[in-house]
Amino acid sequence: MSVGLLGNKIGMTQIFDEFGNIVPVTILKVGPCIITQVKTENIDGYKAVQIGYSNVLDKSLTQPELGHLQKSNLQALKYLKEFPVDNENEFEVGQILKVNLFSPGQIVNIKGKTIGKGFSGLQKRHNFTRGPMTHGSKNHRAPGSIGMGTTPGRVLPGKKMAGQLGNKITTIKKLKVIQLNIEENILVIKGSVPGKPGNLLSIVPSK
């Protein structure tokens, strides 16, 4: 297990590789993150590193959140996230982690909240086939039967139905780092990542 970073999605574009192929890429603003707490086996029962990201004014945090950071003489940070690690002795409170934690060609997992699409029907949400549009059919986008009759006399749990689509935490695995810019804290990733531009993301090296 290794420590990751927090960042924001800037948007998508495309670049040309050395062979002249077009590569679709997402540009992320990653870090700098600051270590706010190191958890040890003796005190906490497990090994982990807590990192903070995005400076904010003191008034936008609650007193307990502020106290937790002031205990280590750190500035107010909007987001805190914990990463399990194998060796917590490599880290210390106040240490700054930058985008150079990653390297071009590295494979990473990116976790974030997907775009919310509201209350969606079965064709959009579960790829159901619609009914015939002609020949007198009145079933176009209806759900159809939702279960058997007297036995079992109920709708079985997990039935695919219409409902909220998107706005869930999801992880996209095995994305490749194309390039990084240490001065600007920019990470360029091949492919797409969850959410709209500005979305908070957690970037962790793949196993």
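The values are calculated or read from the model by the stated rules, or taken from the named source; none is laboratory data. Please read these numbers as outputs of a predicted model, since none were measured by experiment. Note: ideal-geometry Cβ built from the backbone for every residue, glycine included; neighbour counts use all protein chains shown. To get the accessible areas, we keep the full protein, side chains included, count just its heavy atoms, and leave off ligands, DNA and RNA. Shrake-Rupley method; radii C 1.70, N 1.55, O 1.52, S 1.80 Å.
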**Cα pair count fraction exceeding 32 Å, expressed as % - the chain** = 38
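Working out 0.36 nm times the residue gap between Asn109 and Glu82, then minus their Cα-Cα distance, what length gain in nm do you get to one decimal?
Numbers: separation 27, 0.36 × 27 = 9.72 nm, distance 1.54 nm.
Going from the current span to full extension adds 8.2 nm.
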**Item:** Cleavage-rule hits, trypsin sites (Lys or Arg not before Pro), the range 57-124, DSSP coil, Cβ neighbours within 10 Å at most 11
**Value:** Lys71
**Message:** Computing the accessible area with a 1.4 Å probe over protein heavy atoms, can you report the carbon and sulfur percentage for the range 1-143?
**Reply:** 52
**Message:** Using only the alpha-carbon atoms, what does the range 95-189 span along each of its principal axes? Please give whole angstrom values in decreasing order.
**Reply:** 64, 34, 22
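About its Cα centre, how strong a charge dipole does the range 1-149 have in debye, to the nearest 20, once Lys and Arg get +1 and Asp and Glu get -1 at the Cβ? Show your work: numbers first, answer last.
Numbers: 17 positive and 11 negative charges, 253 e Å.
It works out to roughly 1220 debye.
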**Prompt:** Per the Debye formula with a single identical scatterer at each Cα and no solvent contribution, what log10 I(q)/I(0) holds for the range 1-114 at q = 0.12, 0.14, 0.19 Å⁻¹?
**Reply:** -0.53, -0.68, -1.07
**Fill in**
For 182-195, 161-174, 26-39, 125-138, ranked highest to lowest by mean beta-carbon neighbours within 10 Å, the order is 26-39, 182-195, 161-174, 125-138
**Request:** With unit charges on the beta carbon (Lys/Arg positive, Asp/Glu negative), name the residue among Gly52, Pro104, Leu201 whose Cα is farthest towards the positive pole of the charge dipole of the chain.
**Result:** Leu201
**Request:** Calculate the spin-label point distance for Gln75 paired with Thr40, positioning each point 7 Å from the Cα along the beta-carbon direction, and give it in nanometres.
**Result:** 2.9
**Distance (nanometres) between label positions extended 7 Å along Cα→Cβ at Thr170 and Glu65** = 2.7
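Find, among the chymotrypsin sites (Phe, Trp or Tyr not before Pro) in the range 16-60, those assigned to loop by DSSP (not H, G, I, E, B) with at most 12 other beta-carbon atoms within 10 angstrom. Provide the component values of the computation, followed by the final result.
On the way: sites: Phe16, Phe19, Tyr46, Tyr53; in loops: Phe19, Tyr46.
Answer in residue order: Phe19, Tyr46.
Let me check I have the definition right: for the range 157-198, take the eigenvalues of the Cα gyration tensor, multiply each by 5, take square roots. What are those semi-axes in whole Å, largest first?
Numbers: eigenvalues 215, 30, 10 Å².
Working from the Cα gyration tensor, I get semi-axes of 33, 12, 7 Å.
Express the accessible area of the chain per residue in Å², computed with a 1.4 Å probe while the remaining protein chains stay in the model.
Numbers: 12930 Å² over 207 residues.
Ligands and nucleic acids excluded, the result is 62 Å² per residue.
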**Contour excess over end-to-end distance, with Cα ends at Thr150 and Val23 and 0.36 nm allotted per residue** = 40.2 nm
**lysines whose Cα lies under 26 Å from that of Lys176, excluding same-chain neighbours fewer than 8 positions away** = Lys9, Lys29, Lys81, Lys98, Lys111, Lys113, Lys168, Lys190, Lys196, Lys207
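Counting only C-alpha contacts under 8 Å and six or more residues apart, can you give the relative contact order of the chain as a whole percent?
Numbers: 439 pairs, mean separation 64.2, N = 207.
Contact order relative to length: 31 percent.
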